[in-house]
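Read-outs: derived from the displayed coordinates by stated rules, not from any lab. Here the structure is a predicted model, which means the values were calculated and not measured. Virtual Cβ from ideal backbone geometry, glycine too; neighbours counted across all protein chains shown.
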């Protein structure tokens, strides 16, 4: 697709509003295709996609692998438990091994911040042409999750035309552990790029005041923000003050180990202060969708009754949108690589 200039996809901070529109438009096309049967698109036929997940994952990994297969790619899966990591092999050596076997796209997930970017830089330095797609790294970024959340919200607000402008002027509330959430960071870049105003809500130990300035400066490594005018970000400590006027609410998974780090006093108190329920959502003043990246801790981030209410809870819809979004990303990366190859051929001839 003309206009797509991202060789690797590492962080949504580098995306322009046109980039979001390109992804959503493709995802909407892919979403309309049959999900069963033998029909596949030949877009990635003959290409090898490797999913290198150094951190456990169910939704993201399965979704990427299914997306690649629907585009007719061959897929190789990496499992740390049966790899040479235990013998001292480095992450870079593992990646280069898969590239040597023909992998052209590496989907990388790692618990340490910056690993996908470092792999991309090291592979380029070595002259390798494989591209890297960040499947989630540390506390930094989870691009495909931020995009599928955006797609879910755009489809809710404008089902006939789910594009970035569907978020313009919307108030989106993010609740919970913002500090340790790569999902929250990706959503902050995506939502504000599309003109949404984001309200962050959580206790000070999980939501420092500095997050109100998260998008105030150009993204790291860039002198100019690719989005000329973003929506706003503000911090609110009390859920009762954050919810009125909200158009959508996203609650984040609370990692129970935060209690051992003395960042929380208890799960029951957290649910009392920040847990979502039908009653609490009535404070919004209108019916609103509830999103969660999963997996959900029932009775902590939200009540079981709310989680099981498909008229409000969008968790299954998020999972459903994950495959077409990841198809779109893989397609765009392949298209960009093909354009690069064509340019090289033109130059050499």
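Taking the C-alpha atoms only, the angle from helix 17-31 to the longest principal axis of the chain is near 80 degrees.
Listed by Cβ neighbour count within 10 Å, with the fewest neighbours leading, 33, 200 appear as 33, 200.
Among 137, 197, 122, the largest mean-square fluctuation in a Gaussian network model of the chain, built with springs joining Cα atoms closer than 10 Å, belongs to 122. Using equal-weight Cα scatterers in the Debye expression, the normalised intensity of the chain in log10 at q = 0.15 Å⁻¹ is -1.33.
Most mobile of 147, 41, 119 per a Gaussian network model of the chain (Cα springs, under 10 Å)? Comparing 147, 41, 119 in the GNM, the peak value goes to 41. By the Stokes-Einstein formula, at 0.890 mPa s and 25 °C, region 143-314 with its Kirkwood radius over alpha-carbon pairs has D equal to 151 µm²/s.
Roughly what angle does helix 182-193 make with the longest principal axis of the chain, taking Cα atoms, 0 to 90 degrees, to the nearest 10? So the inclination is approximately 90 degrees. Each residue, residue 7 and residue 217, gets one label point 7 Å from its Cα in the Cβ direction; the gap between the two is 2.7 nm. From the square roots a ≥ b ≥ c of the eigenvalues of the alpha-carbon gyration tensor of region 133-230, which class results: rounded (a/c under 1.5), prolate (a/b over b/c), or oblate? Cα axes put region 133-230 in the rounded bin. In terms of surrounding Cβ atoms within a 10 Å radius of their Cβ, 178, 325, 172, 312 rank from fewest to most as 312, 178, 172, 325.
Report the FRET efficiency, 1/(1 + (r/R0)^6), for residue 309 and residue 241, where r is their Cβ-Cβ distance and R0 is 25 Å, rounded to 0.05. It comes out at approximately 0.55. Counting other Cβ atoms within 10 Å as a rough exposure proxy, the listed residues 113, 251, 60 run 113, 60, 251 from fewest neighbours to most.
Taken along the Cα-to-beta-carbon direction at a fixed 7 Å, the label points for residue 18 and residue 160 span 2.8 nm.
So for the chain, averaging the separation of alpha carbon pairs under 8 Å that are six or more residues apart and normalising by length, what relative contact order in percent results? This gives 20 percent for the chain. Relative to the dominant Cα principal axis of the chain, helix 315-348 is inclined by about 30°.
Between residue 122 and residue 58, the simple label model (points 7 Å from Cα in the Cβ direction) yields a spacing of 3.1 nm.
Note on the chain: GNM, Cα springs under 10 Å; of 187, 321, 297, the largest mean-square fluctuation is that of 297. Using the Cβ-Cβ distance between residue 139 and residue 39 with R0 set to 35 Å, the FRET efficiency works out to roughly 0.30.
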